[in-house]
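See below for the structure under consideration.
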Amino acid sequence: MKKGLNILHFCLYLIEKKIHFLFNKINPALLLYKIPAVKRRMKTKYGIENTKEYLDDFWTNQKNGFSLHLIGGWLVGLIFIILISLTIIALKVSGFEFNLPKYVFIAFGIISYVICYFATFKNDTYLKYFKEFNTWTITKKRINVIISIGFILLVIALFFSSLLYF
């Protein structure tokens, strides 16, 4: 399970990284950084000579990039949706009433975070797996990304099917 979550985490990182670079091609805000006055200010005040490289590193850094926080949220959210869906299905199959109180959602949120924390976030465990997964061939990365997308779609389908009556 630990390796599976880290594979999913890595594939989500690859997807987010690709989306970031695609968005940079059409992002009009990046044109602001080509203005000479803005370039000078970035260099003198912040010490940033190449703004595009700085922003790319800010988003895609594997150690502490901003995208890792987004990906971590996605990972916790997927585990949360799985737990909620399986609980709803179990309640419907067993014949209990379908009313879940707020504290169940809070508890599942905490459980989801704890699972992700111990499997990926604790002591930067994901960095060890990222080093291993970066050695994959492009074909293997693509296959795992497609499998991850399929898994995400399966989780979404599980959630909506759990809301339907049997």
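Return yes when Ile79 is surrounded by 13 or more Cβ atoms within 10 Å (Cβ to Cβ), in a helix (DSSP H, G or I) and among the hydrophobic types (A, V, I, L, M, F, W, C) and no when it is not. Even if it seems obvious, please write down each step before you answer.
Numbers: surrounded by 13 or more Cβ atoms within 10 Å (Cβ to Cβ): yes; in a helix (DSSP H, G or I): yes; among the hydrophobic types (A, V, I, L, M, F, W, C): yes.
Yes: the conditions hold for Ile79.
Does the range 88-96 include one or more residues that are among the basic types (Lys, Arg) and under 23 Å from Ala157 (Cα atoms)?
Going residue by residue through the range 88-96, those that are among the basic types (Lys, Arg) are 92.
Next, from what is left, pick out any that are under 23 Å from Ala157 (Cα atoms): 92.
Scanning the range 88-96, I find at least one residue that is among the basic types (Lys, Arg) and under 23 Å from Ala157 (Cα atoms), so the answer is yes.
When you scan the range 149-166, how many residues do you find that are hydrophobic (A, V, I, L, M, F, W, C) and open to solvent by 100 Å² or more (accessible area, probe 1.4 Å)?
Taking the range 149-166 and keeping what is hydrophobic (A, V, I, L, M, F, W, C), we get 149, 151-160, 163-164, 166.
Checking the rest, the ones that are also open to solvent by 100 Å² or more (accessible area, probe 1.4 Å) come to 153-154, 160, 164, 166.
Residues that pass the stated criteria total 5.
All but one of (1) part of a helix (DSSP H, G or I); (2) surrounded by 12 or more Cβ atoms within 10 Å (Cβ to Cβ) hold for Tyr103; state the number of the condition that does not hold.
For Tyr103, the exception is condition (2).
Take the range 62-76 and flag every residue that is touching a residue at least 60 places away in the same chain (Cβ under 8 Å), in contact with a helix residue (DSSP H, G or I) (Cβ under 6 Å, 6 or more places away or on another chain) and either closer than 17 Å to Phe160 by Cβ or open to solvent by 30 Å² or more (accessible area, probe 1.4 Å) (or both).
Passing the criteria: Gln62, Trp74.
Please go through the range 111-148 and pick out each residue that is assigned to a helix (DSSP H, G or I), open to solvent by 100 Å² or more (accessible area, probe 1.4 Å) and either of a type in the set (Val, Ile, Thr) or closer than 18 Å to Thr60 by Cβ (or both).
Answer for the range 111-148, where residues must be assigned to a helix (DSSP H, G or I), open to solvent by 100 Å² or more (accessible area, probe 1.4 Å) and either of a type in the set (Val, Ile, Thr) or closer than 18 Å to Thr60 by Cβ (or both): Lys131, Ile138, Ile146, Ile147.
Taking only pairs six or more apart or across chains, which ones have beta-carbon atoms under 6 Å, a first residue in the range 43-61 that is in contact (Cβ under 8 Å) with a residue 24 or more places away in the chain and under 16 Å from Leu30 (Cα atoms), and a second residue that is surrounded by 12 or more Cβ atoms within 10 Å (Cβ to Cβ) and aromatic (Phe, Trp, Tyr)?
What qualifies is Trp59/Phe66.
State yes or no: is Pro36 open to solvent by 40 Å² or more (accessible area, probe 1.4 Å) and over 28 Å from the mean Cα position of the chain (by Cα)?
Judged against the criteria, Pro36 is a match.
For the range 43-58, give me each residue that is open to solvent by less than 70 Å² (accessible area, probe 1.4 Å), at pLDDT 80 or above and not in a loop (DSSP other than H, G, I, E, B).
Leu55, Asp56, listed by residue number.
Which pairs do you get when a residue that is in contact (Cβ under 8 Å) with a residue 12 or more places away in the chain, found in the range 119-142, comes within reach of a residue that is of a type in the set (Val, Ile, Thr), reach meaning Cβ atoms under 9 angstrom, with the pair 6+ apart or on two chains?
Pairs that qualify, where the first residue is in contact (Cβ under 8 Å) with a residue 12 or more places away in the chain and the partner is of a type in the set (Val, Ile, Thr), are Ala119/Thr125; Tyr126/Thr120; Tyr129/Ile7; Tyr129/Thr120; Phe133/Ile7.
The values are calculated or read from the model by the stated rules, or taken from the named source; none is laboratory data. Quick caveat, the model's predicted, so the values are computed rather than measured. So basically every Cβ, Gly included, is an ideal-geometry build from the backbone, and we count neighbours across all protein chains shown. SASA here: full protein model, heavy atoms, side chains in, ligands and nucleic acids out. Shrake-Rupley method; radii C 1.70, N 1.55, O 1.52, S 1.80 Å.
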